[in-house]
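Each remark here refers to the structure printed beneath this line.
The values are calculated or read from the model by the stated rules, or taken from the named source; none is laboratory data. Source: prediction; values computed, not measured. Neighbour counts run over all protein chains shown; Cβ positions are idealised from the backbone, glycine included. Surface areas here come from the heavy atoms of the whole protein model, side chains and all, with no ligands, DNA or RNA. Shrake-Rupley method; radii C 1.70, N 1.55, O 1.52, S 1.80 Å.
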Amino acid sequence: MEESLNGFRQRLEDHLPSLTQSQQRIAAYLLANYDEAAFLSAADLVERLHVSEATLSRFAKAIGYDGYRELRRCLQDLFRDQNTPASRLQRKLHELGSSQGSVLAKVLDMEVQYLTEASHSIEPGDFDLAVSVLLSGQRIFVFGSGPSAILADLAELRLRRLGIMTISMTESGRHLLEKLQLLQLGDVVLATGFHTVRPELVTILDHARTTGCRSILLTDTLGPSLRGKVDVTLAARRGPVSTFHSLTVPMSILNALILAIAMARPDESLAALDRLERMRAAYGLEV
């Protein structure tokens, strides 16, 4: 069932008086955070709100849906309708313009806040496992699309400098498949994906699993949607889902992965960098 965001909010408000206290807590959360809830599984949402899955199911039916699955599909449709790049930028510009201080100071404060949140949201064990998986790979295939293609290219550049065969996959369609068909048993996939489960991302993760390759997902909200398709998920929020985002948080996590790999194999890493410097001096290629 298609409806506008205002229509969805009106639906919740109309049913609010007849809901139980636990159901009202769910409604209040959706009124304030429909965009985040769109990417949460039933298990994740009930854990966050301290209600049972049965309560969540009854709530969805009480406000006119067949169940939570249909409610979540509605939330995802609302998210896609409401959160275009222009609308996210507009919200961020309004936020920056409605408070005192320079834009630079406010943006830097925002980034520091998100980085602090990321330091608490990623379990050290998950990070260590991701490093172990990357170290085990014969080759590393890194996927990024749209703005996050920068992350894939950065990973390829820095890991190659450490002597690790790395292939950046930033294409789509046939061009993506031309690289993906090179994936072999023993390789590792490091995929980035934010907000939207793109067909390319699913294709890469499914093919990696079919090939027997281990995979790592660097994301913000897609962990629940892609659970079971990846071996390790590193999920860190980049701020509210419906606003403009920078790549500071995922880039910092990526840099930490690269440095952890270098620390785990210092002799090989330093030897590769020394070899690169000697080649630069010998051939005069600095660009």
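Overview of results
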read-out	value
Filter result (among the basic types (Lys, Arg) and under 24 Å from residue 42 (Cβ atoms)) within the range 213-237	227, 229, 237
Options 118, 105; residue that is under 13 Å from residue 254 (Cα atoms), open to solvent by less than 50 Å² (accessible area, probe 1.4 Å), part of a helix (DSSP H, G or I) and at pLDDT below 90	118
Residue 202 vs. criteria in contact (Cβ under 8 Å) with a residue 40 or more places away in the chain, out of contact with any Cys (no Cβ under 6 Å at 6 or more places or on another chain) and assigned to a helix (DSSP H, G or I)	no
Residues of the range 259-281 that turn out to be in a helix (DSSP H, G or I), farther than 21 Å from residue 112 by Cα and either touching a helix residue (DSSP H, G or I) at 6+ places or on another chain (Cβ under 8 Å) or among the hydrophobic types (A, V, I, L, M, F, W, C) (or both), as a count	13
All positions within the range 248-287 that are among the charged types (D, E, K, R) and either under 16 Å from residue 157 (Cα atoms) or open to solvent by 60 Å² or more (accessible area, probe 1.4 Å) (or both)	267, 268, 274, 275, 277, 278, 280, 286
Answer residue from the range 171-187, given it is in a helix (DSSP H, G or I) and open to solvent by 70 Å² or more (accessible area, probe 1.4 Å) and is farthest from residue 139 (Cα to Cα) among those	174
Subset of the range 49-83 that is at pLDDT below 90 and of a type in the set (Lys, Arg) - its residue that is least open to solvent (accessible area, probe 1.4 Å)	72
Identity of the residue in the range 146-162, over 13 Å from residue 190 (Cα atoms) and in contact with a Leu (Cβ under 8 Å, 6 or more places away or on another chain), that ends up least open to solvent (accessible area, probe 1.4 Å)	162
Unique match (being under 14 Å from the mean Cα position of the chain (by Cα) and part of a loop (DSSP other than H, G, I, E, B)) among 246, 252	246
